[in-house]
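Each remark here refers to the structure printed beneath this line.
The values are calculated or read from the model by the stated rules, or taken from the named source; none is laboratory data. Computed from a predicted structure; not experimentally measured. Every residue, glycine among them, receives a Cβ derived from its backbone with ideal geometry; neighbour counts consider all protein chains shown. Just so you know, the surface numbers come from the protein's heavy atoms only, side chains and all, with ligands and any DNA or RNA stripped out. Shrake-Rupley method; radii C 1.70, N 1.55, O 1.52, S 1.80 Å.
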Amino acid sequence: LYTKEGMPSLASLLGVNGYESTAFHPYKSSGWNRPIVYNNMRFDHQLYQEDVDNAYLIRNYISDQSDYETIFDITEEEASTFLFNVTMQNHSGYAQGWNNLEKTVTVSDELRQADYSSEQYLSLVLESDQALEQLVAHYEQSSEPTMIVFFGDHQPPLKNAFYEVLYGKSLSERTTEEVMQQY
């Protein structure tokens, strides 16, 4: 039930309550010791990029849409599921080219000059919003009560100049509220 550090993991706590737990990271299993980490976190199952059949890629990453379709398959097989998912579609950098990504968002010339990659990032966010709409709609139709929780592990690496144009001032001049709004 416990991680190597002696703390109960969320996966193990849910496991004793009848949940099958799956860690799904649609990127290479070889990175960041993922299999070891997910084992230590006591997940029952692990899935990676190599486990997703016929994935639709945006740039060089599995799209959020393909990611969520994989989640649908997992949760249809097992009603009581705890699934920890890390999406990859919007992973940086944002100057990778527009492979399978339409430029749907444009910014002002001033913002583009501050960070030319912002249009790719914002176009990716729009793609994510559309996939997220499908995710929520899918589980709204489910008879199984479902909780969807989101968190981010870091902000996109847009240049400080981009944020300075947005705020109309140097980042050092922002109020606490403006700093918190960015985060």
Item to complete: Taking the residues in the stretch 1-50 that are surrounded by fewer than 17 Cβ atoms within 10 Å (Cβ to Cβ) and among the acidic types (Asp, Glu) as candidates, determine which candidate is modelled with the lowest pLDDT.
Response: Glu5
Item to complete: Scan Ser142, Ser92 and give me the residue that is of a type in the set (Ser, Thr, Tyr), closer than 30 Å to Asn17 by Cβ and part of a loop (DSSP other than H, G, I, E, B).
Response: Ser142
Worksheet entry | Flag for Ala79 being exposed (fewer than 14 other Cβ atoms within 10 Å of the Cβ) and part of a loop (DSSP other than H, G, I, E, B) | yes
Worksheet, complete the sentence: Of the listed residues (Thr75, Thr104, Thr81), the one being β-branched (Val, Ile, Thr) and either modelled with pLDDT of 95 or more or out of contact with any Asp or Glu (no Cβ under 8 Å at 6 or more places or on another chain) (or both) is Thr104
Fill in: Residue, farthest from Phe82 (Cα to Cα), within the stretch 14-47, restricted to residues that are in a helix (DSSP H, G or I) and in contact (Cβ under 8 Å) with a residue 12 or more places away in the chain
Arg34
Worksheet entry | Meets criteria (out of contact with any Asp or Glu (no Cβ under 7 Å at 6 or more places or on another chain) and under 30 Å from Leu126 (Cβ atoms)) for Gly18 | no
Discussion item. For the stretch 147-165: of the residues being open to solvent by less than 100 Å² (accessible area, probe 1.4 Å) and at pLDDT 90 or above, which is nearest to Ser123 (Cα to Cα)?
Written reply: Leu158
Discussion item. Going through Glu110, Glu133, Glu144 one at a time, which residue ends up being in contact (Cβ under 8 Å) with a residue 60 or more places away in the chain and open to solvent by 60 Å² or more (accessible area, probe 1.4 Å)?
Written reply: Glu144
